[in-house]
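Quick notes on the structure that follows.
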Amino acid sequence: MEFHVLTLFPEMVLDGLNTSILKRAIEKEQIKINAINIRDYTTDKHKKVDDYTYGGGAGMLMQAQPVYDAYCDVVNKRKKRDRVRVVYVTPQGKVFDQKMAEQFASEEDLVILCGHYEGIDERVLEEIVTDYVSIGDYVLTGGELPAMVMIDAIARLVPGVLNNDESASTESFAGNLLEYPQYSRPEEWNGKRVPEVLLSGNHKKIAEWRLEQSKIRTKERRPDLYEKYEKEEKEREAARRALKEEQKRLRRMGKI
Ligand code: ADE
């Protein structure tokens with residue numbers, strides 16, 4: 001998967017992502033991070049990329065021309081001709097979550113546009129942006145950190161990026177539950193013992209304990225998420241019951 005980040009600070013994005021698991025993924029060419037400096041595309045002889053806002057108000061706005069030309073260069077260099085998704089990271093967007101990360105991870109290319117100063121001229125946003133995404137209800141000085149947060153969350157879902165030990169399946173947010181508490185050696189630290197069940201070798205019991213801990217933790221720390229879990233669990237239970245009834249009916253009729 002290739003991320004194309006349109007930014008005024010390409011080195012911030014490249015340096016920030018080139019460590020640990022993502023560094024390995026870049027080296028193995030499982031992901032590619034293409035950071036494009038918007039300033040390289042300005043036609044202004046002083047290399048300016050921003051100007052005052054019409055109608056007054058504090059601060060400068062990034063102008064449409066360099067952003068649009070940087071975007072066109074990305075599109076023209078792509079081999080494929082299908083419409084590419086362009087995410088503008090902004091506090092005015094839909095709040096990023098694991099489901100969104102999963103959807104973006106299925107794209108071959110993703111363009112992420114980072115604003116700075118007071119934002120970007122609305123006309124170019126209307127022209128190129130497909131998704132407005134925020135990483136939370138607070139305001140940062142620019143879009144680079146949100147872009148890096150998103151890339152990290154998306155890249156780890158790209159097949160092969162995580163190895164088995166780092167695997168993505170049974171962790172926080174899978175099925176709307178937070179991950180259960182985990183322990184490593186020693187068996188006792190600071191007077192605290194590892195829960196006995198984890199030392200028992202009984203895998204069924206361990207799985208039950210972990211599910212229970214996940215529920216307790218989610219209820220306590222994220223009651224909003226727990227409500228979702230309970231709702232979906234009820235739906236799953238109803239579907240299981242309906243399936244059983246249908247199987248009974250078919251058996252009575254001698255069809256299975
Ligand atoms: N740019 C500034 N603040 C932001 C936020 N919270 N999310 C995404 N982009 C931003």
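Just one of (1) assigned to a helix (DSSP H, G or I); (2) among the hydrophobic types (A, V, I, L, M, F, W, C); (3) over 16 Å from the mean Cα position of the chain (by Cα); (4) surrounded by fewer than 18 Cβ atoms within 10 Å (Cβ to Cβ) fails for L145. It is (3).
For (1) surrounded by fewer than 16 Cβ atoms within 10 Å (Cβ to Cβ); (2) of a type in the set (S, T, Y); (3) at positive phi, each residue gets a yes or a no:
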| position | (1), (2), (3) |
| --- | --- |
| I151 | no, no, no |
| I154 | no, no, no |
| N163 | yes, no, no |
| Y183 | yes, yes, no |
| R193 | yes, no, no |
| E220 | yes, no, no |
| Y229 | no, yes, no |
| M253 | yes, no, no |
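Across the stretch 99-113, which residue is surrounded by the most Cβ atoms within 10 Å (Cβ to Cβ) among those that are within 16 Å of the ligand (Cβ to nearest atom) and under 16 Å from A155 (Cα atoms)? First the steps, then the outcome.
First pass over the stretch 99-113, keeping only residues within 16 Å of the ligand (Cβ to nearest atom): 100-101, 104, 110-113.
Checking which are under 16 Å from A155 (Cα atoms) leaves us with 100-101, 104, 110-112.
Working: M100: 17, A101: 19, F104: 23, L110: 20, V111: 26, I112: 28.
Checking each candidate, the answer is I112.
Taken over the stretch 1-23, the criterion of being out of contact with any helix residue (DSSP H, G or I) (no Cβ under 7 Å at 6 or more places or on another chain) and without any contact (Cβ under 8 Å) to a residue 60 or more places away in the chain is satisfied by P10, E11, L14, D15, T19, S20, K23. Selection of the stretch 126-153 for residues being farther than 15 Å from Q98 by Cβ and among the β-branched types (V, I, T) yields I128, V129, T130, V139, T141. Criterion applied to Y71, Y41, Y52 was being among the hydroxyl-bearing types (S, T, Y), more than 24 Å from the chain's Cα centre (by Cα) and surrounded by 14 or more Cβ atoms within 10 Å (Cβ to Cβ), and the one residue passing it is Y41. The set of residues in the stretch 78-113 that are among the polar types (S, T, N, Q) and either without any contact (Cβ under 8 Å) to a residue 40 or more places away in the chain or assigned to a loop (DSSP other than H, G, I, E, B) (or both) comprises Q103, S106. Restricting attention to the stretch 130-144, the residues that are closer than 23 Å to L14 by Cβ and more than 8 Å from the ligand (Cβ to nearest atom) total 2. Note on the stretch 88-98: residues that are over 14 Å from A155 (Cβ atoms) and more than 10 Å from the ligand (Cβ to nearest atom) total 2. Might you check whether a residue that is surrounded by fewer than 16 Cβ atoms within 10 Å (Cβ to Cβ), over 21 Å from R156 (Cβ atoms) and of a type in the set (S, T, Y) occurs anywhere in the stretch 15-30? The answer is no; no qualifying residue exists.
Scanning the stretch 74-98 for residues that are closer than 18 Å to Y138 by Cα, surrounded by 14 or more Cβ atoms within 10 Å (Cβ to Cβ) and polar (S, T, N, Q) returns a single hit, T90. For beta carbons closer than 7 Å, sequence separation of 6+ or different chains, a first residue in the stretch 226-250 that is under 26 Å from Q213 (Cβ atoms) and a second that is surrounded by 10 or more Cβ atoms within 10 Å (Cβ to Cβ) and of a type in the set (G, A, S), the qualifying pairs are Y229/G175.
Any read-out appearing in this document is the output of simple, stated calculations on the displayed coordinates, not a laboratory observation. Bear in mind the structure is a predicted one, so any value in this text is a computation, not a measurement. Note that each Cβ is placed from the backbone with ideal geometry, even for glycine, and that neighbours are counted across all protein chains shown.
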